[in-house]
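Peer 1: Next up is a structure, given as structure tokens.
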Amino acid sequence: MPRVGQDLLQYLQLDAMPHVWCPGCGHGQVARGLATALERLSVPLERLVLVGGIGCSGRTPFYFNANAMHTTHGRALAFATGLKLTRPELTVITTMGDGDTAAIGGNHFIHACRRNIDITAIVYNNGIYGMTGGQQAPTTPRGARSVTTPLGSLEPPFDIVQLALAAGATFVARSTTFDFDELPALIVDAVRHPGFAVVEVLTQCPTYYGRMNELGDAVAMLDYERDLTMPQREITKEGLAGRRPLGVFRREIAPEYTAQYAELCARQAKRS
Amino acid sequence: MKLIQGNEACALGAMRAGCRFFAGYPITPATEIMEWMARLLPPKGGVFIQMEDEIAALAAVIGSSWGGAKAMTATSGPGFSLMQEHLGYAAMTETPCVVVDSQRGGPSTGLPTLPAQGDVMQARWGSHGDRPAIVLTASSVRDVYEVTVAAFNLSETYRLPVVLLLDALLSHMRENVELPEVTVVDRAKPGSAGTFLPFGSTAFQAFGDGPPLVVTGLAHADSGRPRASDGPNLERMLRRSIDRLETDRDTITRYRGIGLEDADHLILTYGITARSAAGAVQQLRAEGLRVGLLQLQTLWPFPERLVVDLASRVENVVVVELNLGQLVMAVRAAVGGAAPVRHLGRADGRLFSPEEIAAAVRAGEVAHA
């Protein structure tokens, strides 16, 4: 397994370490995937803005050498939308958790999908609220335990990929921290995609989700992720057998918001 | 001379001030401001966007401001309530932006089409925690234009969200206006690179205009790096930004006075209510009563010294406002025992007539005598 080399370290803000993530947390693997993607994209760091929500995932921007905007719970995409419209030349990536994305920020998420603005949303989905101590998330599976569902969750979870597809996102993908060698390529494609791109990453929370649902340590949880999912290329006639598919689900070119807006302004300026 | 609506004057003032970003969500009675901005911004290359709610509207405004644009939103009570968290975020992150709240009767959905002045305390204290706040009001369509420009200027100068309180009547009222000449203040840019700290400075660096920045709603150092467990650092930061307004309170304070020089009785009011109060002063002066009017345009920071100076020279003070007692709390706290302070308020969606205000002053005079 390759180590994080000097090439990746240049993307990280080492002064901000140690990070807040617990031992065994998958968020570091997502951050590594992002750093690897940035290296491949060679975006100048002063032209890149990482916009975080609130929660464990929202802290990601602090650990990078790029511009960091740590916003409010659920609203990262709304901040990012205002920024991207004002400075379309900047690369804007949001890092949000599943609660950020699908609970408190659900409205912003579906509307960002609908608008097709050129922002990449990386959604860290660990099925639980980690920062506040293990409460039920809108992605917590039925029957799963959390501190607010000690007898098991009664609610069906959101499937973030399906939500993004239904809301009209033009690039939608899913990966896991088990498949972290494939994650950088997905993030690269998402950032290069001229429109709103969603990359959901299933990530393990051994501290809360794992412990409360007796899934074992981080390594055992990676196996759990593997068994929970199926790369699209491996799907056979028997279908998914209850597993969640991985890979790119949509890659579609559609009118992008900032480009359309620039055209509209140019037309107006000509007329007046 | 132009016949324009209050909300139109607000949009024109914003454009004149250099506003190049508007995000909003429809709400009575503020909607025309966004309708005008939707037309005025694109030809200037500015950005207009209708967001999915008011929370998103102010978030987008803050995001845009960090992109370097002068940015605003406009709303009314229910939307203003939703914006409180982001007003706090803007204060914490020293983000210049303007929030217009055209007040209507509340609480809740309340009286959507009727004027009120019930958001005075919310504009000051609505967001959790301590923060510096600048809150302005206007009384005429011409005022709306001028004060909107002033709101942008103050927000750019102090790197703060500035709230402009209008009301349903002023928003929808039309008056013949000669738009006045105004001065426009632009955001100060950082000087020579190297030593620049992005916070605690009046200079502002946008994303993409220099080395990478860190912006967070967590308590932070002047470098922007979070200091989430350092209480004394946060208090120092808050005191610094609050003190800056204290120091400059006199220049931030905008007001008009009528007959203040020889007044025995003082009417203190603001916004739309000042118009009836001016009529009351005329009536009472005609009766031989020496009445003065203090019409505040800056509500916060509260112009304490101005109010105390005037109150200590009169026999009584009447505070008139379209709520059940909000700014009067600040007046009483400032005046102390220097003069009796009476309150004339209502929350029924109606304005006070000059006669009603005059009667309150007369009653105060009788009580005093």
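Peer 1: Please find, among A:Leu34, A:Leu8, the residue that is more than 12 Å from every other protein chain (Cβ to nearest Cβ), surrounded by 21 or more Cβ atoms within 10 Å (Cβ to Cβ) and either of a type outside the set (Asp, Glu) or not in a helix (DSSP H, G or I) (or both).
Peer 2: Every option except A:Leu34 fails the conditions.
Peer 1: Need the failing condition index for B:Met237 against (1) surrounded by fewer than 20 Cβ atoms within 10 Å (Cβ to Cβ); (2) not in a strand (DSSP E or B), just the number.
Peer 2: Exception for B:Met237: condition (1).
Peer 1: Would you call A:Thr120 on the phi < 0 side of the Ramachandran plot and within 12 Å of the chain's Cα centre (by Cα)?
Peer 2: Judged against the criteria, A:Thr120 is a match.
Peer 1: Assess whether B:Ile33 counts as being at the interface with chain A (Cβ under 8 Å from one of its Cβ atoms), touching a strand residue (DSSP E or B) at 6+ places or on another chain (Cβ under 8 Å), modelled with pLDDT of 95 or more and part of a helix (DSSP H, G or I).
Peer 2: No.
Peer 1: Does region B:209-222 hold any residues that are assigned to a strand (DSSP E or B) and more than 8 Å from chain A (Cβ to nearest Cβ), and which are they?
Peer 2: Result: B:His220, single match.
Peer 1: Let me ask another. Inspect region B:249-263 for any residue being under 27 Å from the mean Cα position of the chain (by Cα), within 14 Å of chain A (Cβ to nearest Cβ) and in a loop (DSSP other than H, G, I, E, B) and give the result as yes or no.
Peer 2: no
Peer 1: Here is a further query. For region B:223-238, how many residues are closer than 20 Å to B:His86 by Cα and away from chain A (no Cβ under 14 Å)?
Peer 2: Residues flagged as closer than 20 Å to B:His86 by Cα and away from chain A (no Cβ under 14 Å) within region B:223-238 amount to 4.
Peer 1: Then there is this: Can you name the condition, by its number, that B:Val335 falls short on among (1) out of contact with any Leu (no Cβ under 7 Å at 6 or more places or on another chain); (2) free of Cβ contacts under 8 Å to residues at least 40 places away in the same chain; (3) under 30 Å from B:Met173 (Cα atoms); (4) buried (at least 17 other Cβ atoms within 10 Å of the Cβ)?
Peer 2: For B:Val335, the failing item is (3).
Peer 1: Just checking, which of B:Val177, B:Val144, B:Val184 is closer than 23 Å to B:Glu321 by Cα and either within 14 Å of chain A (Cβ to nearest Cβ) or touching a helix residue (DSSP H, G or I) at 6+ places or on another chain (Cβ under 8 Å) (or both)?
Peer 2: Exactly one of B:Val177, B:Val144, B:Val184 is closer than 23 Å to B:Glu321 by Cα and either within 14 Å of chain A (Cβ to nearest Cβ) or touching a helix residue (DSSP H, G or I) at 6+ places or on another chain (Cβ under 8 Å) (or both), namely B:Val144.
For every residue, the table says whether it meets (1) under 16 Å from the mean Cα position of the chain (by Cα); (2) within 17 Å of A:Met131 (Cα to Cα); (3) of a type in the set (Gly, Ala, Ser).
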{"site": "A:Pro18", "(1), (2), (3)": "no, yes, no"}
{"site": "A:Gln29", "(1), (2), (3)": "yes, no, no"}
{"site": "A:Ala35", "(1), (2), (3)": "yes, no, yes"}
{"site": "A:Gly53", "(1), (2), (3)": "yes, yes, yes"}
{"site": "A:Lys84", "(1), (2), (3)": "no, no, no"}
{"site": "A:Thr91", "(1), (2), (3)": "yes, no, no"}
{"site": "A:Thr95", "(1), (2), (3)": "yes, yes, no"}
{"site": "A:Gly105", "(1), (2), (3)": "yes, yes, yes"}
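Peer 1: Another one. Hey, among the residues in region B:38-93 that are under 19 Å from B:Val120 (Cβ atoms), touching a Pro at 6+ places or on another chain (Cβ under 9 Å) and among the polar types (S, T, N, Q), which one's nearest to the other protein chains (Cβ to nearest Cβ)?
Peer 2: B:Ser81
Peer 1: How many residues does region A:41-58 contain that are of a type in the set (Val, Ile, Thr) and assigned to a strand (DSSP E or B)?
Peer 2: 2
Peer 1: With region A:59-164 as the region, which strands (runs of 3 or more DSSP E) entirely inside it contain at least 1 residues that are away from every other protein chain (no Cβ under 14 Å), under 18 Å from A:Ile187 (Cα atoms) and β-branched (Val, Ile, Thr)?
Peer 2: Passing ranges, in order: A:120-125.
Peer 1: Let me ask something else about it. May I ask you to say which residue of A:Ala190, A:Ala173 is assigned to a strand (DSSP E or B), in contact with a Phe, Trp or Tyr (Cβ under 8 Å, 6 or more places away or on another chain) and either of a type in the set (Lys, Arg) or more than 14 Å from chain B (Cβ to nearest Cβ) (or both)?
Peer 2: Step by step, each of A:Ala190, A:Ala173 is checked, and only A:Ala173 is assigned to a strand (DSSP E or B), in contact with a Phe, Trp or Tyr (Cβ under 8 Å, 6 or more places away or on another chain) and either of a type in the set (Lys, Arg) or more than 14 Å from chain B (Cβ to nearest Cβ) (or both).
Peer 1: Show me the strands (runs of 3 or more DSSP E) found entirely inside region A:194-272 where at least 1 residues are without any contact (Cβ under 8 Å) to a residue 24 or more places away in the chain and not charged (D, E, K, R).
Peer 2: Of the strands (runs of 3 or more DSSP E) lying wholly inside region A:194-272, those with at least 1 residues that are without any contact (Cβ under 8 Å) to a residue 24 or more places away in the chain and not charged (D, E, K, R) span A:229-231.
Peer 1: Within region B:212-228, how many residues are more than 22 Å from A:Leu12 (Cβ to Cβ) and polar (S, T, N, Q)?
Peer 2: 0
The values are calculated or read from the model by the stated rules, or taken from the named source; none is laboratory data. This is a predicted model, so every value here is computed, not measured. Methodologically, a virtual Cβ is constructed for each residue, glycine included, from the backbone with ideal geometry; neighbour enumeration extends over all protein chains shown.
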